[in-house]
Amino acid sequence: MYPSDRHYTKEHEWISVSGTTARVGITDYAQQQLGDVVFVELPDVGQTFDQGAQFGSIESVKAVSDLYCPMAGTVVEVNTTLVDRPETVNADPHGVWIIAIELTHPDQTAGLIDAGAYAELVS
Amino acid sequence: MPVSRVDRFADRHIGPQPDDIEAMVAAVGAMSLDALIDEVVPSDIRLDTPLDVPGPETEAEFLARMRRVGQRNRPGRALIGLGYYGCITPSVILRNVFENPGWYTPYTPYQAEVAQGRLEALLNFQTTVVDLTGMAIANASLLDEATAAAEAMAMMHRLQARTAHGANRLLVARGCFPQTIAVVTGRAAPLGIEIEVGDLAAMTVDDRVFGVLLQYPAEDGAVIPIGELIDRAHAGGALVAVCSDLLALTLLTPPGELGADVVVGNSQRFGVPMGYGGPHAAFFATREAFIRQTPGRIIGVSIDRHGHPAYRMSLQTREQHIRRERATSNICTAQALLANMAGFYAVYHGADGLRGIARRVHGLTRRLAEGLHALGVQPAHAHVFDTLRLRLSPAVVDRLRKDATAAGLHFRYVDDAAVGIALDETTTGADVAEILSVFAGAMDRPVPTVDTAAPEATPDWPDALIRRSPFLTHPVFDRHRSETQMMRYLKRLERQDIGLDTSMIPLGSCTMKLTAASQIRPVTWPEFADLHPFASVALAEGYQELFRELEASLCAITGLSAVSLQPNSGAQGEFAGLMVIRAHQRDHGEGRRDVVLIPASAHGTNPASAAMAGTRVVIVACDDQGNVDVGDLRAKAETHRDALCALMVTYPSTHGVFEDAIHEICDVVHLHGGQVYMDGANMNAQVGVTSAASIGADVCHINLHKTFAIPHGGGGPGMGPIAVAAHLAPYLPGHPIVRVGGARAIPAIAAAPWGSASILLISHGYMRMLGGDGMRLATEVAMLSANYLKARLESHYDVLYTRANGRVAHELIFDLRAFKPLGITEIDVAKRLMDYGFHAPTVSFPVPGTMMVEPTESEPLDELDRFCEALIAIRGEIQAVIDGTADPADNVLKNAPHTAAEATADTWSHPYSRQQAVYPRPFVRANKFWPAVGRINDAHGDRHLICSCPPVEAYQD
């Protein structure tokens, strides 16, 4: 249900770490709550965010959700396919990433929860 | 005095007849109507004296009195300009739109499938604005030019905040209208924005400046090139907003071609009467890249489930009902009816017609200038469109004041040595001759003769200012030029929309009640319609008398002490009320108070207005009865006691309940130094029975387009006057041109001193014709009707919140969340109601997954029963899905609404019959409304933004 290869936040983001970089997206629960995604507000490459800072937002027809950075880092890549095809987030929320960041503190995973705890949270 | 039932207006306004009321009282299990009210309204807030207001009077008495009152207005010929100009409303538009309930009774087009007519009309308006301004996108109207300029300022500030930290200065050209400068200044202060007014050519665009605001043509009539100014602003890192004039733009190079980032203005002169200040639609146009930062409604094109083009409101996530304190604006009600009229004016005249009008106005202005030149008077500027600024001796100005006024010619008296004259579509050659005659008399010179035959003139401006680009090229601006075509177009669009002329619109919190035809009639009489808002008040004694009475009546009804009629909407009233509170607190050394407590159930405009007033929003939780959690309120008021500015509360609550703890709630706020602001949206449950003052409020707004019968217009006009307790009265908003407001008035919050003054006549008529007893009866029947619907429907749908005794106020919430696991949502029910001929109740406000129903007192019992029949039948349709006898995906609810095209197609593939789809109950046959389109694909519309008229090929199958 929720892939165990990554961490989760209470704000319904996931973060998949590999070495000193990580990719961030939103969970299946989040995309269901939002409905059809129509727009993703992406940060600029090079911007740095503290843990918990807002890096963007994601919009459906009836709601807007802020996106919070699960771990501190600097944006190295943004998923530009979301500009023309934001709905891919709904189809594959755990596969479609939103930003890739260079982590400031790769070991600092305090505040994140695992797949099991997240599944509990949203059940 | 009324002598028989046919004379008593209350009997025409209130739907249920006396024996119906008896039956309804019995159905809700009460002993009498009075007994029911005792059960609905807490006793400690009940008024025990009748309302001290004039009336009642019959409709005939009202109309006769209004004729007499109107005689005391002397519109004359208004030549003042400043955004308001005489114009000719084509009669076909006046009769078929402004005076037609098919156009003025519908609601804001949230249920787009039953609103395609006015959505198309608004799209025409947007396209007109986009073309004339040379910008990429336009919204579907703002409240007035001054607030549109303030919105432009706020938008530029938001946009620049991302890249230029600390840039908080707006440069404002001295040539902007005075009321625009006043409103912009008032809106800037709470946002921490500094305003610098001056001569733009001399001003420095440094890195403290985020934006520039200018007027083109300027307030003194000057037409000067602005391209270089715009370039300089951009080079300095600032954005540029231009206030402009749609008629001038038919001849003048549009700001969009000169690099402007935002263009705003008033569309009034496109066929809407001046109305002593309104209502009028302001326009707002900007770049495509800024669309998500744009305030107000934007109409866009999407597709329905059959793939056909369909209109809808796009990108609603910008708006207050979703983004709340982070919304692009607090605007809710706008000026849709007037935007539609302006759009139809453009459709009816087309590009060539508008150019012809502009050339005529310009040509007469040039002839007038020639004649003045012969008298030795030189206009200040050689290049003008329609406005002359004349420097004269004080003696001449003095004589003009007397002689011109006596002749019914009303100039703008800029100061004791300068006069402004603005010509318009209604100006004739004879008018020009008369103006010259009056000047000659004042100057003791012979009257110059000027030939005003064939006055059309192409402007003699510098080449760069002459408009070359075409506009209004879409076929819609070419196809409806004869009156027959125009009439049929207006009617064809009207037939696509559900209004109160079709059926009941039970929108919770909207109070969709009757606007009597007699109330609307005086609004378009010349003695009320043709007055300029800045005319001398001595010329408007009729209006002044009505304002005094209206203010006194609103004081009697609210129990408060003073009123401002300036705000044009509830949201604008909220902003005004919060600013009045802050001014009072600042005056008493408490300006640090900047926290506003707002219940989680509040309407989105509340936090949006609080943000606009520069305050921090702290949300107060609701308990599981849906009431304000008093414990949470106490804790938060205590925590923020040094910074507590106000509580914003709706009463009865947005859940439709008279919360018993209201006195306690207000006391807590007052104890900690805050003021209580009451949102008057639910006043239909208060009038004559309780009042804002009784519950402890210090200030409230009153939605005149809800409780006081101004029709909703498809999304405006509205009026939101505020009433305040005595200690706040000195701060009521002022105005730079006409003296209004308190001794320590806050800056104007709207362009016109009394807002949209002409539609105040409607509320005046409503109050007078009902009188105090009639208004109280209306309140009681409104609450009876809601409790009647509860009694009939509560065994079919869960009712969400009630008082402990099970009673609701004037509205109630049905909870549909239990059906979600089956895949049936409140949206499905809303769309299915269209098949029964009804507009849905309020969907998912204030609680997601629910429907809020407010019948009002105007609905007759048989309509209430038909509505119940529809909802009960729909409950049966839901049950079929639960029981498995209907397909979970292919059923009447999921496929609603059903169009005539699909019901009459050669193939029908659904497991239910065509009859079940479109004639689900016998009563539907007698009054079938056909939705123009099937269910609209919202996501498609927000992903592929199209916000002006698509090419005709898009509609061909």
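Values in this text are rule-based calculations from the coordinates and carry no lab data. Only a predicted model underlies this, so the values are computations on that prediction, with no experimental measurement involved. Counting neighbours? That spans all protein chains shown, and the Cβs are built from the backbone with ideal geometry, glycine included.
Worth pointing out:
- The mean sequence separation of alpha-carbon pairs under 8 Å and at least six residues apart, normalised by the residue count of chain B, gives a relative contact order of 20 percent.
- Surrounding net charge for B:LEU539, when Lys and Arg each add one and Asp and Glu each subtract one, Cβ distance under 14 Å: +2
- Whichever lysines have a C-alpha closer than 28 Å to that of B:LYS706, once near sequence neighbours (fewer than 8 apart) are set aside: A:LYS62, B:LYS491, B:LYS513, B:LYS790, B:LYS831, B:LYS928
- Counting only other chain Cβ atoms within 10 Å of each residue's Cβ, the peptide A:54-64 averages 5.
- Span from the the range B:638-701 Cα centroid across to the the range B:765-826 one, whole angstrom: 21 Å
- Long-range amide H partners of B:ASP679 with built H, under 5 Å: B:VAL649, B:THR650, B:TYR651
- Among B:HIS157, B:VAL242, B:ILE230 the positive-end extreme of the charge dipole of the range B:148-250 (Cβ point charges): B:HIS157
- Helix axis angle, B:178-188 relative to chain B longest principal axis, alpha carbon, degrees: 50 degrees
- For the range B:690-704, 3J(HN,Hα) computed residue by residue from phi via the Karplus equation (6.51, -1.76, 1.60; θ = phi - 60°) reads 8, 7, 4, 5, 4, 8, x, 6, 9, 8, 8, 9, 10, 7, 5 Hz, glycine and proline entered as x.
- Crossing angle, helix B:630-639 versus chain B [Cα axis fit, 0-90 degrees, rounded to tens]: 40 degrees
- Cα centre as origin, Lys/Arg/Asp/Glu Cβ charges: chain B dipole, Debye: 1560 debye
- The long axis of helix B:861-883 is offset from the longest Cα principal axis of chain B by roughly 60 degrees.
- With the highest mean first, a sort of the peptides B:904-910, B:783-789 on other beta-carbon atoms found within 10 angstrom per residue produces B:783-789, B:904-910.
- The residue among B:ALA136, B:VAL6, B:ILE80 whose Cα reaches farthest toward the positive pole of the charge dipole of the range B:1-151, with charges on the beta-carbon of Lys, Arg, Asp and Glu, is B:ILE80.
- With a cut-off of 16 Å on the backbone N, the residues of the range A:74-113 near the modelled label site 7 Å out from A:GLU120 along Cα-Cβ are A:111-113.
- Annotation: peptides B:573-579, B:499-505, B:693-699, ranked by per-residue average of other Cβ atoms within 10 Å with the highest first, follow the order B:573-579, B:693-699, B:499-505.
- Listed by chain and number, the lysines placed with their C-alpha closer than 18 angstrom to that of B:LYS402 amount to none; residues fewer than eight positions away on the same chain are left out.
- FRET E, pair B:ALA201, B:ARG65, Förster distance 51 Å, beta-carbon r, rounded to 0.05: 0.40
- Most positive-pole-ward Cα, A:VAL78, A:GLY19, A:ILE98, against dipole of the range A:7-118 from beta carbon charges: A:GLY19
- Footprinting exposure proxy for B:HIS280, B:HIS362, B:HIS727 (fewest neighbouring C-beta atoms within 10 Å first): B:HIS727, B:HIS362, B:HIS280
- Spacing of the two label points (7 Å from each Cα toward its C-beta) at B:HIS910 and A:THR109, in nm: 5.2 nm
- Computed FRET value (nearest 0.05) for B:THR885 with B:THR639, which takes r as the C-beta separation and R₀ as 51 Å: 0.40
- The distance between label points at B:ALA954 and A:ASP92 comes to 3.2 nm (points 7 Å beyond Cα on the Cα→Cβ vector).
- Taking every DSSP helix (H) stretch of at least 4 residues in chain B, weighting each as -39,500 (n - 2.57) and dividing the sum by the residue count yields a mean residue ellipticity at 222 nm of -11000 deg cm²/dmol.
- Remark: mean inter-chain Cβ contacts per residue of B:310-322 equal 2, using a 10 Å Cβ-Cβ cutoff to other protein chain atoms.
- Each of B:VAL724, B:VAL892, B:VAL432 has some number of other Cβ atoms within 10 Å of its Cβ, and from fewest to most they run B:VAL432, B:VAL892, B:VAL724.
- Annotation: amide H-H contacts under 5 Å for B:LEU47 (H modelled 1.01 Å from N, sequence separation of 5 or more, or interchain): B:THR690.
- Within 10 Å of each Cβ in B:931-940, the average number of Cβ atoms from other chains: 2
- Gyration tensor (alpha-carbon) shape descriptor, the range B:418-577, a/c threshold 1.5: oblate
- Normalised contact order of the range A:7-118, rounded percent, pairs of Cα under 8 Å and 6 or more residues apart: 34 percent
- Calculated from backbone phi, Karplus (6.51, -1.76, 1.60) coupling profile of the range B:922-931 in Hz, x at Gly/Pro: x, 5, 5, 4, 6, 8, 7, 9, 9, x
- Rounded to the nearest 20, the Cβ-based charge dipole of the protein assembly as shown about its Cα centre (Lys and Arg +1, Asp and Glu -1) stands at 2280 debye.
- Debye, to nearest 20: dipole size of the range B:533-769, +1 on Lys, Arg Cβ, -1 on Asp, Glu Cβ: 700 debye
- Three-way shape label, the range B:595-749, alpha-carbon gyration tensor, a/c 1.5: oblate
- Applying the Karplus relation 6.51 cos²θ - 1.76 cosθ + 1.60 with θ = phi - 60° to the range B:571-583 yields 3J(HN,Hα) values of 4, 5, x, 4, 4, 4, x, 5, 5, 5, 4, 5, 5 Hz, where x marks Gly and Pro.
- Averaging the Cα positions of each part gives two centres, and for the range B:110-178 and the range B:239-309 these lie 6 Å apart.
- Cα centroid separation - the range B:503-551 against the range B:371-448, whole Å: 32 Å
- Cα gyration tensor shape of the range B:811-932, rounded if a/c is under 1.5, else prolate or oblate by comparing a/b with b/c: oblate
- Ordering B:MET203, B:MET851 from the fewest to the most neighbouring beta carbons within 10 Å gives B:MET203, B:MET851.
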